[in-house]
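The values are calculated or read from the model by the stated rules, or taken from the named source; none is laboratory data. In this text the structure is predicted, and so the values were computed from the model without any measurement. With ideal geometry, Cβ positions are generated from the backbone for all residues, glycine too; neighbour counts draw on all protein chains shown. We work out accessible area using only protein heavy atoms, side chains counted, and drop any ligands, DNA or RNA first. Shrake-Rupley method; radii C 1.70, N 1.55, O 1.52, S 1.80 Å.
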Amino acid sequence: TVLTLCERLNPINSCPSGSRHVAAVILARGGSNGIPLKNIKLLAGVPLIGWVIRAAIDSDVFDSLWVSTDHDEIERVAKKWGAQVHRRSAEVSKDTTSSLETIQEFCRMNPEVDIICNIQATSPCLHPHHLIQAVEMVTKQGYDSVFSVDRRHHFRWQEGTDTKALNLNPAKRPHHQDWAGELCENGSFYIATKKLIDEGVLQGGKMAYFEMPAKYSIDIDIDIDWPVAEQRVLRFGYFGKDKPELVRLLLCNVLGCLTDRQISLSASGDERVSVNSRDLDGITMLQREGTEVILLTSSENPTLGRLTDKLSQKTGCVLMSLNEPKQVEVEKLMKEKKLEWKEVAYIGNDVTDVDCLNLAGLSAVPLDNSVVTLNAAKYQCQSAAGHGAVREFCEHILLLKKMRTLQTYFEHSFVTFF
């Protein structure tokens with residue numbers, strides 16, 4: 001879990017005597033000129049900032065990991081994924097503020113830190129091994145600053161009326177395979193000693209670059225990049241030390257997940273409850289992929305009783321009435337089906353669901369839920385209850401299944417090739 005990963009990071013003052021404190025700092029301002037709250041927007045089911053936090057934690061080379069932000073929701077997401085938070089001042093939260101100015105403030109507030117690794121939140125294909133190798137260039141090889149680059153094969157021309165080639169001879173244009181290309185910053189990370197940062201630079205002293213293969217270099221600046229980034233991260237992103245679990249059972253609350261909790265009255269006094277057809281389609285999608293879906297209810301309301309019966313008939317899902325504590329009854333069901341929690345997905349919306357949300361391999365809550373359920377769930381839907389939340393979570397489960405298949409494929413291809 002995220003908490004277990006976070007516990008592997010040492011507290012801020014826990015460096016062994018004589019060693020240098022290495023801190024990872026991820027800058028994530030709330031304002032964005034491109035995509036609103038881009039840093040926590042879901043990318044392949046994970047908040048954008050979550051991709052780099054996970055890679056940094058699993059690298060095991062940092063004594064502390066921080067997200068520097070001025071926004072409450074970014075702070076909540078950062079802490080949930082295992083980072084500490086540097087609440088930056090208004091002075092370094094402006095559109096005109098440079099990264100260096102924000103890092104300098106962080107250094108003033110954390111004088112114990114000796115080396116800063118500024119990781120860009122917009123680099124979701126960053127892997128732990130990139131950070132391990134780059135940080136060791138500073139801690140073991142004596143460099144003062146290291147920054148990430150990739151190799152690009154772009155022919156550059158001078159702008160203006162005096163058109164001329166800058167990096168090629170047009171009469172002898174090289175073939176791609178015959179040209180080594182040029183090294184360009186890819187923005188994934190910048191590592192520098194505190195001494196350099198105090199002097200006002202992130203790159204200086206004994207300096208080196210760290211070359212990353214181009215497939216890991218992706219930066220998200222405008223909305224059109226998002227679907228491209230999602231496909232790239234599915235193939236080249238870092239998903240943690242373990243593969244995503246294969247979900248065999250989805251448990252779904254009817255009230256507050258499939259419905260929005262509203263009961264309407266007709267002119268004749270009849271009670272009616274509506275269900276979104278997209279949510280039902282999502283359930284069907286899961287069932288076609290071999291995942292069982294069970295609908296959960298605990299209401300004595302006769303209108304909801306009729307609804308759940310019809311839902312069960314329409315979807316082919318088993319209907320299960322749960323009393324409190326829900327965890328006990330769910331575990332009885334799991335024992336009957338010979339399942340572990342890691343094979344179970346759970347979408348709930350109530351305080352009584354918190355234990356199941358914490359234990360399930362995948363868990364979700366619809367939009368606009370209580371803080372306690374949001375903190376327990378591993379996935380926060382961007383859709384509201386009764387308005388596509390269940391469909392969204394079903395798509396997330398299927399996305400992770402696809403991701404698991406791709407990982408297995410590439411691992412097998414690697415072993416076969418070598």
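Per residue and in Å³, how big is the convex hull formed by the alpha-carbon atoms of the range 98-140?
Numbers: hull volume 3.6 nm³, N = 43.
Roughly 84 Å³ of hull volume per residue.
Looking at the range 143-178, which chymotrypsin sites (Phe, Trp or Tyr not before Pro) are DSSP coil and have at most 15 other C-beta atoms within 10 Å of their C-beta?
Working: sites: 143, 147, 155, 157; in loops: 143, 155.
Passing both the DSSP loop test and the Cβ count: 155.
Ignoring ligands, DNA and RNA, how do 175, 127, 86 rank by accessible area with a 1.4 Å probe, largest first?
175, 127, 86
So which trypsin sites (Lys or Arg not before Pro) in the range 282-374 are both in a DSSP loop and have at most 14 other Cβ atoms within 10 Å of their Cβ?
Here the trypsin sites (Lys or Arg not before Pro) that fit, given the DSSP loop and packing criteria, are 338.
Please identify the GluC sites (Glu not before Pro) of the range 320-399 that satisfy two criteria: DSSP loop assignment and at most 14 other Cβ atoms within 10 Å. Which are they?
340
Can you give me the convex hull volume of the Cα atoms of the chain, divided per residue and expressed in Å³?
That works out to 214 Å³ per residue.
Considering only protein heavy atoms, what per residue accessible area in square angstrom results for the chain with a 1.4 angstrom probe? Please list the in-between numbers first.
Details: 20830 Å² over 418 residues.
Per-residue value: 50 Å².
Amide H of residue 67 versus every other amide H placed in the peptide plane: which residues, excluding those fewer than 5 positions away on the same chain, fall under 5 Å?
26, 84, 85, 86
Using Cα springs under 10 Å in a Gaussian network model of the chain, which residue among 53, 397, 35 shows the largest mean-square fluctuation?
In this elastic network of the chain, the residue with the biggest mean-square fluctuation among 53, 397, 35 is 35.
Do the sum for the chain: with -39,500 (n - 2.57) for every DSSP H run of n ≥ 4, divided by all residues, what is the mean residue ellipticity at 222 nm, to the nearest 500 deg cm²/dmol? Before the final figure, lay out the partial values.
Values: 13 runs with 146 residues, N = 418.
Here the helix-only value at 222 nm equals -10500 deg cm²/dmol.
What does DSSP give for the chain in terms of the percent of beta bridges that are antiparallel, rounded to the nearest 5?
30 percent
Only Lys, Arg, Asp and Glu count, each charged at its Cβ (+1, +1, -1, -1), so figure out the dipole size of the chain about its Cα centre, rounded to 20 debye.
Using only the charged Cβ atoms, the result is roughly 900 debye.
Within straight cross-link reach of residue 402, meaning Cα distance under 18 Å, which aspartates and glutamates are found once same-chain residues fewer than 8 apart are removed?
230, 242, 245, 289, 292, 343, 392, 411
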